[in-house]
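Below is one structure; the comments refer to it alone.
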Amino acid sequence: MATGDNKVILATPNPIDNGVAASTSFSLPGLNPKGSDYADAGSYDETRLISYAVHNKIYDAAPAMYNPLKILYAKPMAEMPSDEFSYFERTFGRPPIVVDAWDHTTGTMALAANYAAATDVPVVVGDVLYTTTGVPVIVTSVSFVTGAGNTDIVVAAQTGGSLTAGMFSASDVVAIQAPIIADGMDSFLHYDRMKTVERYNYIQLFQRANRWSKIELQKLINMGTTDYYSHETQEKIKQLRNDLFSAYFNGTRGEFSIPGENSTFWKAKCMGGIYPSMVAAGSEHATVALGGLKTAFEELAFDTNYKAEGSVRFVYGTDKMIYELSKSYKEDKVRYTPDNMIANLNLDEIRVGSQRYVLVPCELFKENSVLPEEWATKLLVLDQDSITPVKMTGLPHIEVGVTDNKSRGSYRDYEDWWVKAMLSMKFNNPVGSFYIDVTL
């Protein structure tokens, strides 16, 4: 008679001998599927007779952190014909003058600025200036010395008035009222032309990909216990969004050389992002302790308020930083209700005088794999109307594709799944925005 490998099971309690221990060959601790973490930890048996229990849906633990991109993209993308573009701004056109020295006996005021040409001096004969205490004087001559780096103007008091030693002091900022004329004058004194500021940026390309061999991919499809394949592709798209987020806020305009074959290099353009553009333009900013946040915020808010009454600016920061700021305005906080897709984001707004500020929690600011560590305590206050996303004309902002494998005519026995994007931005008048670094 053939013998098998069946095992005898001794029940517990043993009806014959209560002192005999029962076999654990088929008890619960020994019934573990291959790959069991429990069996590995307790050195228990594993069997292929049962399968590993895997929930077939993978939980997406990534938080809803893309609200800032939704707001930035709420404005339609501008299209440019090239991957390098310029854009212009009209300046205020009325720069003040700053005093370096003042001699009331001759009426001579030396200007603090060094002008490159006589046409750069913002005043001419006939212009009326005001002292810081509101006393008017008229420019009677302008003396520009080429290459000497100095400009003197001579002023005179109104009829019946006089010039005094205290009228002007070093570092005074002097307002220019207007060029005036007298009835019957047959000459023009003040000519000027509008000045513009030119800014430029590059369009940056982004790409992420997966490679699957033919059998590997089919095996995953045939035998997959979860929706891993679906999540794998979605994860690439999410990480691409993180790439776009990082570049949009913190990209540095320039170029990188990517190593290629035979010591050659591929040249890749990089876009300039919001924060580096603000730094380069000299946007106002402050570094303050947490206790000084409210005061600094309000001072910068009024100093940079170039928008119409009731207009909106957006405050970006981590949930913690937004909370710290909003604590000072908890009685004045209301729900922001725009007439577009941003209405779905449930954002709050606060008021500073007649100004409105929408609070945008932005948890990616504290994700060190996306932005530098200092961003965790940074607040960016942005004039959203001045920022426009840019792509190239005729090409999509984001596109997805897959390469051919052998079955589709390629000699390669694998396929690459890829997602690609292009992005840049225009940031007009960065000095209409500001930022605060909080020290904790």
Angle between the Cα long axis of helix 293-303 and the longest principal axis of the chain, 0 to 90 degrees, nearest 10?
50
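Please compute the contact order of the chain in relative form: average sequence separation of alpha-carbon pairs under 8 Å and at least six residues apart, divided by the residue count, as a percent. Working shown, then result.
Details: 783 pairs, mean separation 77.1, N = 440.
Over the chain, the number comes to 18 percent.
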For the chain, max minus min Cα coordinate along each principal axis, in Å, sorted largest first?
136, 59, 43
Treating the angle as unsigned and between 0 and 90°, give the value, to the nearest 10°, between the Cα long axis of helix 228-250 and the longest Cα principal axis of the chain.
20
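Using the structure shown, list the pairs from K75/K330; K236/K269; K267/K391; K75/K420; K333/K426; K378/K426 with a Cα-Cα distance above 26 Å, or answer none.
On the way: K75/K330 29 Å; K236/K269 22 Å; K267/K391 19 Å; K75/K420 21 Å; K333/K426 31 Å; K378/K426 22 Å.
Going by Cα-Cα distance, K75/K330; K333/K426 fall outside the 26 Å limit.
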Starting from the Cα-Cα distance between K70 and D303, subtract it from 0.36 nm times their residue separation and give me the gain in nm to one decimal.
81.1 nm
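Using 1/(1 + (r/R0)^6) with R0 = 56 angstrom and r between the beta carbons of T106 and A280, what's the FRET efficiency to the nearest 0.05? Write down the numbers at each step before the final one.
Details: r = 41 Å, r/R0 = 0.73.
Efficiency, from the Cβ-Cβ distance: 0.85.
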For D437 and N210, calculate 0.36 nm times their separation in residues minus their Cα-Cα distance, and state this gained length in nm to one decimal.
77.9 nm
How much length is gained on full extension from N262 to S230, taking 0.36 nm per residue of separation minus their Cα-Cα distance?
7.8 nm
Each label point is 7 Å from the Cα along the Cα-to-Cβ direction; what then is the distance between the points at M223 and Y411, in nm?
3.1
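Computed from the coordinates by the stated procedures, all read-outs in this text should not be read as laboratory data. Just so it is clear, the model here is predicted, and its values are computed rather than measured. Because the Cβ atoms are built from the backbone with ideal geometry, glycine has one as well, and the counts that use them run over all protein chains shown.
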